[in-house]
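The values are calculated or read from the model by the stated rules, or taken from the named source; none is laboratory data. Nothing here was measured: the structure is a model prediction, and the numbers come from that model. Cβ atoms come from the backbone with ideal geometry, glycine included; neighbour counts cover every protein chain shown.
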Amino acid sequence: MQTTEYPFAQALITDAEGRVQQVILDVQDYQQLIELIEDEGLYRLMEETRGEESFSLEEALIELEKL
């Protein structure tokens, strides 16, 4: 297996059979991937709550206090 098969991979660590076990990434690429995952999660939550009642900041804080 070569790093060209894995976008962002700087190096691959494999087991005795040659299966990839770990991928080494540049820290900037890692941070970018984390941001993309967080953005996707936010998008999914926004889609899930589409059409639900919105709260003002004050109302939201009151609701959070109840938790």
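Some observations on this one:
- Test result for A60, free of Cβ contacts under 8 Å to residues at least 60 places away in the same chain, part of a strand (DSSP E or B) and not β-branched (V, I, T): no
- Residue that is farthest from Y6 (Cα to Cα) [pool: residues in region 18-46 that are modelled with pLDDT of 95 or more and of a type in the set (D, E, K, R)]: R44
- Region 26-45 residues that are outside any helix (DSSP H, G or I), paired with ones that are of a type outside the set (A, V, I, L, M, F, W, C) and surrounded by 10 or more Cβ atoms within 10 Å (Cβ to Cβ) (beta carbon under 8 Å, 6 or more apart): D26/Q10
- Criterion (of a type outside the set (G, A, S) and in contact with a Phe, Trp or Tyr (Cβ under 8 Å, 6 or more places away or on another chain)) met by exactly one of V27, V23: V23
- Close pairs (7 angstrom Cβ cut-off, 6 or more residues apart or separate chains): over 19 Å from Y30 (Cα atoms) and at pLDDT 80 or above in region 1-16, small (G, A, S) and assigned to a helix (DSSP H, G or I) anywhere: none
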